[in-house]
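Visitor: Below you will find the structure I want to go over with you.
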Amino acid sequence: MKTVGEKTARIDALALSRGKPVFTDDMKLNDVLHLKLLKSPFAHAKIVDIDVSKAFEMEGVHAILTHKDFQPHYYTTAGQGYPEPSPRDTVIFDSVVRFVGDRIALVAADTIETAEAAVDKIQVKYEELPAILDPEEAIGNSVILHPEPQKSGIHDAKKNIAAHIEAEIGDLNKAFKNSELVLEDSFSTPYVQQTSIEPHITLTWLDENDRLIIRTSTQVPFHVRRIVAEVLGIPIRKIRVIKPRVGGGFGGKQEILNEELCAAITQRTGRPARLEFTRREELYAARSRHPQIVRLKVGMNKDHTIRALDMRILENTGAYGSHALTVMSVTAQKTLSLYRCPNIRVTGNAVYTNLPIAGAYRGYGAPQGFFALESMMDQIASKMNIDPVVLRKKNIVQLGDEIPIARILGEGQHGYPVEVYSTGLNECLDRGQDLIGWSSRMSKPANKNNDKNNINPIHSGLGVATAAQGSGIAGVDMGAVFIKMNEDASFNLLTGATDIGTGSDTALAQIAAEELEVPVKNIIVYSSDTDFTPFDTGAYASSTTYISGGAVKIAAERIKAKILALGMKILGEENAEISKGFVIGGSGKRISYEDICTKTFYTEKQEQIMATASKISFDSPAPYNATFADVSVDIETGIVRVNKIVSITDSGQVINPQMAEGQVEGAIPQSLGMALSEFMVFDDKGAAVNLDLNSYHIYSAIDMPEIITEFIPTHEPTGPFGAKAAAEIPINGPAPAVVNAIYNACGVRIRDLPITPEKILKGLGKI
């Protein structure tokens, strides 16, 4: 192949490097209204009265919206399939607030300063209600957070259970009874935030035909259009959503957070509106990863193979059920698809609490599950005195295996049969061992640094974790494209697929260029405009390359067939082939793409050479990853330093190696952050404490370890040119690999993230 698999420059690189106005807020509107939200100071309260009169008296204030301005209409802010798998438990403004940061009122003013001052003048009388701040106290609590009967999709509102899953394969009780080793343990992960560089920001205005235009930083423009239309009662034909360049999404922008608010103001005033979240608002009022408690019970055979696996999940969805069911489903399905196991049981409850709303975050539940499972696999290896890599190799799924859990547990719905058509996980483990120096760990007893004769306080260790993910949501995700040809042999590629900084526009251009046998520069990509581009479910679930790329390849094949047929007709040849931009007949006569298109426009059949294609897949092939970590632990201070991460991935045929490497290198600090430094802290009233990047610590350049990233080439027969997903898979392994390396270094097993010096010292018996 000439284009696929090559390090092709991003098609938007020049515009980005020159600072061209490509992001949402780069468009400057005249007469714009600036919006600011008043948010709840209480975790749970009823609004008894709200007085906006003093705020309205301020010069420059043009609109104030509260719950009094809307009839209750329940929807979900989760931008995902339809009918939505998430509970419809949200209204645009409510008379009850359910977390510190919940919406109370919206002010629209001539300047942001005026809007902020007006917010401070709104007077609210509250009746404070009892709050649930611990997910383990939510089920069956006398406090019911969503008692309204009009809400739908809630599994059991009276018990505060937003969503529930259960699935079983085989006979668990018998399997555990006959196991050589049975190990049971519990693991937990905290609230962590996506912290995209660009915050949530939306601009709205009316065009010359009074159609509502929404320019927004989103991963799901078509879901934005649908939900705004429903919530505000606007016909879909009257709404156009434009997604420009996005400064990071990571799942956080798979949510409708301020689009309906801006739209409501523009609808009422006729003026453009702008709403931007501050970093503080991003941290407590946007979305985060779902905290989970995952309890595992594993039964092992004498031959070191897994006999039985029981997983119980308690997920904290926060005040509303955004993505509650589907994240929990992914935790179970992706985690339990990695290893062969004849007896599996999974039960899970996503519960409401009066804490911030959790949502989609890269990995989408899989990082929580793999932290638990891969920590447990290391404990099993220690108990059974086997190399952790060897243990994994004995149990990982193999080529041709069917994944039974995938058949019965999909993402918020039933599953589909899944067979492993491609896997390079064994090779990932082999290559990772070599690069990390794994033999040095296995040549000495585990935790050798606990030797009393060792006076060096810095103890080193190595750890490993394996992981799987998926490529789109089987039976749900759909992508569509339209390609048309121009006289200079360039092609316009219109796609609804959403590039959120991943470079997916470039990858799709490469797929089209490869199939059409033209340079990438000849592919002109226009994406994510609901008026002009075909439908696409959006950028999530690692679907773009596999699903939307599949649609691109089909459309390009159709265009190529038309070019060949027209070329043969013009040449008067019965047999011909395409090579390097020419149709070449059996007699040796040839005609260029340019001439074929020009003649077709003006002198021959006179038609537009074009094609459309849609793609949905009932397969969701798993990419695989092996991550190795090298850490140092200071047993006097409890401080952990990550020295090196080796991440080896099987993503099938990598479309663009440079961009794929970037995906891995971006995922690693996010996982290390969850492991070591990132977590939301709440006071006893449910208010978030660490609300800036001085106190909420993301990994930065100075914190980063050495990173080695490689890909194992495989071919996925269901993917475009053999490709599988690459975006989410590398985030699953670093956290458990670091935890396992810490145990190897000093004998302390961390089960509750994040890892802190206090937890290390407590594990060492020093505090």
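Visitor: Quick one: in region 432-464, of everything that is more than 17 Å from Val748 (Cα to Cα) and at pLDDT 95 or above, which residue is most open to solvent (accessible area, probe 1.4 Å)?
Guide: Out of the qualifying residues, it is Asp434.
Visitor: With respect to Val294, is the statement that it is more than 18 Å from Phe23 (Cβ to Cβ), open to solvent by less than 10 Å² (accessible area, probe 1.4 Å) and free of Cβ contacts under 8 Å to residues at least 40 places away in the same chain true? Talk me through it step by step, then tell me what you get.
Guide: On the way: more than 18 Å from Phe23 (Cβ to Cβ): yes; open to solvent by less than 10 Å² (accessible area, probe 1.4 Å): yes; free of Cβ contacts under 8 Å to residues at least 40 places away in the same chain: no.
Spelling it out, it is not the case that Val294 is more than 18 Å from Phe23 (Cβ to Cβ), open to solvent by less than 10 Å² (accessible area, probe 1.4 Å) and free of Cβ contacts under 8 Å to residues at least 40 places away in the same chain.
Visitor: Quick one: Gly140 ticks every box in (1) over 29 Å from Gly252 (Cα atoms); (2) open to solvent by 10 Å² or more (accessible area, probe 1.4 Å); (3) modelled with pLDDT of 95 or more except a single one, so which number is it?
Guide: (3)
Visitor: Within region 1-97, which strands (runs of 3 or more DSSP E) (wholly inside it) include 3 or more residues that are touching a residue at least 60 places away in the same chain (Cβ under 8 Å) and open to solvent by 70 Å² or more (accessible area, probe 1.4 Å)? Steps first, please.
Guide: Working: elements: 33-39, 45-51, 61-65.
Where strands (runs of 3 or more DSSP E) fall fully within region 1-97 and carry at least 3 residues being touching a residue at least 60 places away in the same chain (Cβ under 8 Å) and open to solvent by 70 Å² or more (accessible area, probe 1.4 Å), they are 45-51.
Visitor: Specify the residue that is most open to solvent (accessible area, probe 1.4 Å); the eligible residues are those in region 187-243 that are without any contact (Cβ under 8 Å) to a residue 24 or more places away in the chain and in contact with a helix residue (DSSP H, G or I) (Cβ under 7 Å, 6 or more places away or on another chain).
Guide: Once the filter is applied, the top-ranked residue is Ile236.
Visitor: State whether the residues of region 666-682 include one that is of a type in the set (Ser, Thr, Tyr), touching a residue at least 24 places away in the same chain (Cβ under 8 Å) and in a helix (DSSP H, G or I). Walk me through how you get there before you give the answer.
Guide: Quick first cut of region 666-682, residues of a type in the set (Ser, Thr, Tyr) only: 671, 677.
Next, only the ones that are touching a residue at least 24 places away in the same chain (Cβ under 8 Å) stay: 671, 677.
Restricting the remaining residues to those that are in a helix (DSSP H, G or I) gives 671.
The answer is yes; a qualifying residue exists.
Visitor: Name the strands (runs of 3 or more DSSP E) wholly within region 517-627 that hold at least 3 residues that are β-branched (Val, Ile, Thr)? Walk me through it before giving the result.
Guide: Details: elements: 523-527, 576-579, 582-585, 590-592, 610-616.
Answer list for region 517-627: 523-527.
Visitor: Sort through Ala741, Ala737 and tell me the only one that's in contact (Cβ under 8 Å) with a residue 12 or more places away in the chain, over 19 Å from Asn426 (Cβ atoms) and open to solvent by less than 30 Å² (accessible area, probe 1.4 Å). Let's see the steps before the verdict.
Guide: Numbers: Ala737 fails: over 19 Å from Asn426 (Cβ atoms).
Sole residue among the options that is in contact (Cβ under 8 Å) with a residue 12 or more places away in the chain, over 19 Å from Asn426 (Cβ atoms) and open to solvent by less than 30 Å² (accessible area, probe 1.4 Å): Ala741.
Visitor: Then there is this: When Ala480 is evaluated against the numbered criteria (1) open to solvent by 40 Å² or more (accessible area, probe 1.4 Å); (2) within 22 Å of Ile609 (Cβ to Cβ); (3) under 25 Å from the mean Cα position of the chain (by Cα); (4) of a type in the set (A, V, I, L, M, F, W, C), which criterion, by number, is the only one it fails?
Guide: (1)
Visitor: Is at least one residue of region 106-120 assigned to a loop (DSSP other than H, G, I, E, B), farther than 23 Å from Glu315 by Cβ, of a type in the set (A, V, I, L, M) and within 30 Å of the chain's Cα centre (by Cα)? Steps first, answer last, please.
Guide: Let us first name the residues in region 106-120 that are assigned to a loop (DSSP other than H, G, I, E, B), namely 110-111.
Those still in the list that are farther than 23 Å from Glu315 by Cβ too: 110-111.
Filter again for of a type in the set (A, V, I, L, M), leaving none.
Within region 106-120 (the criterion being assigned to a loop (DSSP other than H, G, I, E, B), farther than 23 Å from Glu315 by Cβ, of a type in the set (A, V, I, L, M) and within 30 Å of the chain's Cα centre (by Cα)), the answer is no, since none of the residues qualifies.
Visitor: I've got another one for you. Consider Ala687 carefully, then state whether it is open to solvent by less than 60 Å² (accessible area, probe 1.4 Å), touching a residue at least 60 places away in the same chain (Cβ under 8 Å) and under 30 Å from His44 (Cβ atoms). So that I can check it myself, show each step before the final result.
Guide: Details: open to solvent by less than 60 Å² (accessible area, probe 1.4 Å): yes; touching a residue at least 60 places away in the same chain (Cβ under 8 Å): yes; under 30 Å from His44 (Cβ atoms): yes.
So Ala687 passes the test.
Visitor: Mind listing whichever residues of region 105-120 are closer than 10 Å to Leu37 by Cα, out of contact with any helix residue (DSSP H, G or I) (no Cβ under 8 Å at 6 or more places or on another chain) and buried (at least 20 other Cβ atoms within 10 Å of the Cβ)?
Guide: Of everything in region 105-120, just one residue is closer than 10 Å to Leu37 by Cα, out of contact with any helix residue (DSSP H, G or I) (no Cβ under 8 Å at 6 or more places or on another chain) and buried (at least 20 other Cβ atoms within 10 Å of the Cβ), namely Ala115.
Visitor: Residue under question is Asn316, and the condition is that it be more than 23 Å from the chain's Cα centre (by Cα), open to solvent by less than 10 Å² (accessible area, probe 1.4 Å), of a type in the set (S, T, N, Q) and at pLDDT 95 or above; does it hold?
Guide: Answer is no for this residue.
Visitor: Next question, about the same structure. Scan region 578-606 and report the pairs whose first residue is under 17 Å from Lys484 (Cα atoms) and touching a residue at least 60 places away in the same chain (Cβ under 8 Å) and whose second residue is surrounded by fewer than 17 Cβ atoms within 10 Å (Cβ to Cβ) and hydroxyl-bearing (Ser, Thr, Tyr), with Cβ atoms within less than 7 Å and a gap of 6+ or a chain change.
Guide: Cβ pairs passing all conditions: Gly581/Ser592.
Visitor: Filter region 692-741 down to the residues that are within 20 Å of the chain's Cα centre (by Cα), assigned to a helix (DSSP H, G or I) and closer than 19 Å to Glu661 by Cα and list them by number.
Guide: Ile729, Pro730, Ile731, Pro734, Ala735
Visitor: Out of all the residues in region 127-155, which are touching a Lys or Arg at 6+ places or on another chain (Cβ under 7 Å) and part of a strand (DSSP E or B)? Even if it seems obvious, please write down each step before you answer.
Guide: Just the residues of region 127-155 that are touching a Lys or Arg at 6+ places or on another chain (Cβ under 7 Å), to begin with: 127, 129, 139-140, 144-145, 151-153.
Selection gives Glu127, Ser152.
Visitor: Among residues belonging to region 643-659 that are surrounded by fewer than 24 Cβ atoms within 10 Å (Cβ to Cβ) and in contact with a helix residue (DSSP H, G or I) (Cβ under 9 Å, 6 or more places away or on another chain), point out the one that is modelled with the lowest pLDDT. First the steps, then the outcome.
Guide: To start, the set of residues in region 643-659 that are surrounded by fewer than 24 Cβ atoms within 10 Å (Cβ to Cβ) comprises 643-644, 653, 657-659.
Retained after the next criterion (residues that are in contact with a helix residue (DSSP H, G or I) (Cβ under 9 Å, 6 or more places away or on another chain)): 644, 653, 659.
Working: Lys644: 98, Gln653: 98, Met659: 95.
Looking at the filtered set, the residue picked out is Met659.
Visitor: Could you say which residue among Leu338, Leu355 is of a type outside the set (S, T, N, Q), out of contact with any Ser or Thr (no Cβ under 7 Å at 6 or more places or on another chain) and in contact (Cβ under 8 Å) with a residue 40 or more places away in the chain?
Guide: Working: Leu338 fails: out of contact with any Ser or Thr (no Cβ under 7 Å at 6 or more places or on another chain).
The match here is Leu355.
Visitor: Can you name every residue in region 569-595 that is of a type in the set (Gly, Ala, Ser) and out of contact with any Leu (no Cβ under 7 Å at 6 or more places or on another chain)?
Guide: Within region 569-595, Gly572, Ser579, Gly581, Gly586, Ser587, Gly588, Ser592 qualify.
Visitor: Condition test on Ser329, is it among the hydroxyl-bearing types (Ser, Thr, Tyr), open to solvent by less than 10 Å² (accessible area, probe 1.4 Å) and not in a loop (DSSP other than H, G, I, E, B)? Steps first, answer last, please.
Guide: Details: among the hydroxyl-bearing types (Ser, Thr, Tyr): yes; open to solvent by less than 10 Å² (accessible area, probe 1.4 Å): yes; not in a loop (DSSP other than H, G, I, E, B): yes.
It is true that Ser329 is among the hydroxyl-bearing types (Ser, Thr, Tyr), open to solvent by less than 10 Å² (accessible area, probe 1.4 Å) and not in a loop (DSSP other than H, G, I, E, B).
The values are calculated or read from the model by the stated rules, or taken from the named source; none is laboratory data. Treat the numbers as computed from the prediction; the structure is a model and nothing was measured. Every residue, glycine among them, receives a Cβ derived from its backbone with ideal geometry; neighbour counts consider all protein chains shown. These area figures cover heavy atoms from the full protein model, side chains too; ligands, DNA and RNA do not enter into them. Shrake-Rupley method; radii C 1.70, N 1.55, O 1.52, S 1.80 Å.
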